[in-house]
Amino acid sequence: YNLYGPTEAAIDVTHWTCREEGQDSVPIGQPIANLSTYVLSHDLAPVPAGVVGELYLGGEGLARGYHRRPGLTAERFVASPFGDGQRLYRTGDLARQRGDGVIEYMGRIDHQVKIRGLRIELGEIEARLLEQP
């Protein structure tokens, strides 16, 4: 099984039962119950199947925001463009949705990586290295 999801959205958001498809990567799958996924453009419009966009998450599993960080909460938790009064979480992950609805992870929109579950900004490492003689 392949489970995908950030801490801000109940850890596991999508599910994929792994099987041989002749591909180089494993999809992150489809949303689990009470959660939703959207692949959107920079202006929050849905992109067609096969087109890469940013992955947004919605539904019952979303956090309310970041503790004592209202600015970051406002940046990452945005009003849904679908007029349903819901909020969506901007994952910062690039994805594309196949014609069958399965989501494929494509990378990050920034230079962030995860090591053992910790988010690392590569720019911070680069800045410290450049401080060294």
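Under 8 Å between Cβ atoms, at least 6 apart or on separate chains: pull out the pairs that start in segment 121-133 with a residue that is without any contact (Cβ under 8 Å) to a residue 40 or more places away in the chain and end on any residue that is open to solvent by 100 Å² or more (accessible area, probe 1.4 Å).
Qualifying pairs under 8 Å: Glu121/His111; Leu122/His111; Gly123/His111.
Within segment 21-43, does at least one residue satisfy the condition of being part of a strand (DSSP E or B), within 25 Å of Glu121 (Cα to Cα) and among the small types (Gly, Ala, Ser)?
No; the residues of segment 21-43 include none that is part of a strand (DSSP E or B), within 25 Å of Glu121 (Cα to Cα) and among the small types (Gly, Ala, Ser).
Would you mind finding the one in Ala63, Ala33 that is open to solvent by 70 Å² or more (accessible area, probe 1.4 Å), closer than 23 Å to Asp12 by Cβ and small (Gly, Ala, Ser)?
Ala33
I need the full set of residues from segment 39-60 which are more than 13 Å from Ala9 (Cβ to Cβ) and open to solvent by 50 Å² or more (accessible area, probe 1.4 Å), in order please.
Of everything in segment 39-60, those that are more than 13 Å from Ala9 (Cβ to Cβ) and open to solvent by 50 Å² or more (accessible area, probe 1.4 Å) turn out to be His42, Asp43, Pro46, Pro48, Ala49, Val51, Val52.
Go through segment 74-133 and report how many residues are open to solvent by less than 70 Å² (accessible area, probe 1.4 Å), in a strand (DSSP E or B) and small (Gly, Ala, Ser).
Adding up the residues that qualify gives 3.
The values are calculated or read from the model by the stated rules, or taken from the named source; none is laboratory data. Note that this is a predicted model, so its numbers are computed, not measured. No Cβ is skipped: glycine too gets one built from the backbone with ideal geometry, and neighbour counts run over all protein chains shown. Only protein heavy atoms, including side chains, enter the accessible area calculation; ligands, DNA and RNA are left aside. Shrake-Rupley method; radii C 1.70, N 1.55, O 1.52, S 1.80 Å.
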